[in-house]
Amino acid sequence: ECVEGFLWSLACDETYRRIGLKLYDRFPVDLFAVYFGGVDVASHRFWKFAHPDAMPYGVSPRETAVLGRVIDEYYVYVDGLLGEYLDRLGPGDTLVVLSDHGFKPVLFPGKPTTSGHHRLEGIIGFYGRGVKAGGKIGDAGLLDVLPTLLDLLDVPIAKDLEGHVMRDALDEDFKKRHPPSVVDTYGGVERPAAPTQTELDRNVLERLRSLGYIN
């Protein structure tokens, strides 16, 4: 059951990989983002096999032997996906790798397929233009990601925007040549009417429920 519920995520990541690389190669843009969700799903599904003693999961030695390295091997796979973008990185580009949370063991009664759940601490890493080699980032959170991206893009930062630029991540030469610029506000945004829910939307919601994201 854990494997069956995971294969769709692998298919999604491979689809996003192919679409992402085609778009990246075909359309030059100032900011390009791609999401790979498989590590998240693998950690939700297979944590108990990688860490069978973390909680009373009741995992057999055979299950651990067969499925215990799924998470680690998926990191290897995603590392290869990132490598494809690193190969395309130019001297004026910056690569940002972000996860908004980590993982920890959990035991949900009635949900045997979910054995890993969110830990508050996530990760962020920078590579390329403007980045301090070997630098460490202190006192940073999710709200600081957008101001930092805007700074790297030389886009003025709104004063009413929450968060701050992660200056610890930037090299001194970049900071001297690119002092942050600010504007008072970006103003409001007109929001379109909510679209009608589709069958695809309902399938996505069901997958999120199975991972424990929503009740």
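Some values worked out for this structure:
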quantity	calculated
Selection within the stretch 102-121 - surrounded by 15 or more Cβ atoms within 10 Å (Cβ to Cβ) and within 14 Å of the chain's Cα centre (by Cα)	Phe103, His118
Unmet criterion (only one of (1) of a type outside the set (Ser, Thr, Tyr); (2) touching a residue at least 40 places away in the same chain (Cβ under 8 Å); (3) in contact with a helix residue (DSSP H, G or I) (Cβ under 7 Å, 6 or more places away or on another chain); (4) not in a helix (DSSP H, G or I)) for Glu1	(3)
Residue within the stretch 130-139 that is surrounded by 11 or more Cβ atoms within 10 Å (Cβ to Cβ) and among the aliphatic types (A, V, I, L, M) present	yes
Search result, residues across the stretch 67-118 that are aliphatic (A, V, I, L, M) and free of Cβ contacts under 8 Å to residues at least 12 places away in the same chain	Val76
Selection from the stretch 51-95 of residues that are in contact with a Leu (Cβ under 7 Å, 6 or more places away or on another chain) and acidic (Asp, Glu)	Glu84
Sole exception among (1) out of contact with any Gly (no Cβ under 7 Å at 6 or more places or on another chain); (2) buried (at least 16 other Cβ atoms within 10 Å of the Cβ) for Ala65, by number	(2)
Subset tally (residues that are part of a loop (DSSP other than H, G, I, E, B), without any contact (Cβ under 8 Å) to a residue 24 or more places away in the chain and under 18 Å from Arg129 (Cβ atoms)) for the stretch 161-194	2
Residue that is surrounded by the fewest Cβ atoms within 10 Å (Cβ to Cβ) [pool: residues in the stretch 78-101 that are more than 20 Å from Ile19 (Cβ to Cβ) and out of contact with any His (no Cβ under 7 Å at 6 or more places or on another chain)]	Pro91
Selection within the stretch 33-62 - surrounded by 15 or more Cβ atoms within 10 Å (Cβ to Cβ), among the small types (Gly, Ala, Ser) and over 18 Å from Gly20 (Cβ atoms)	Ala42, Ser43, Ala50, Ala54
All positions within the stretch 119-146 that are under 21 Å from Ala33 (Cβ atoms) and without any contact (Cβ under 8 Å) to a residue 24 or more places away in the chain	Gly141, Leu143, Asp144, Leu146
Residues within the stretch 30-85 that are in a loop (DSSP other than H, G, I, E, B) and closer than 20 Å to Phe108 by Cα, tallied	11
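Okay, residues lined up against (1) at pLDDT below 95; (2) more than 21 Å from Phe103 (Cα to Cα); (3) not aliphatic (A, V, I, L, M):
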| site | (1), (2), (3) |
| --- | --- |
| Ala33 | no, yes, no |
| His44 | yes, no, yes |
| Ala50 | no, no, no |
| Met55 | yes, no, no |
| Gly58 | yes, no, yes |
| Arg62 | no, yes, yes |
| Ile71 | no, no, no |
| Tyr77 | no, no, yes |
| Gly80 | no, yes, yes |
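The values are calculated or read from the model by the stated rules, or taken from the named source; none is laboratory data. Quick caveat: nothing in here was measured; it's all calculated off a predicted structure. Note that each Cβ is placed from the backbone with ideal geometry, even for glycine, and that neighbours are counted across all protein chains shown.
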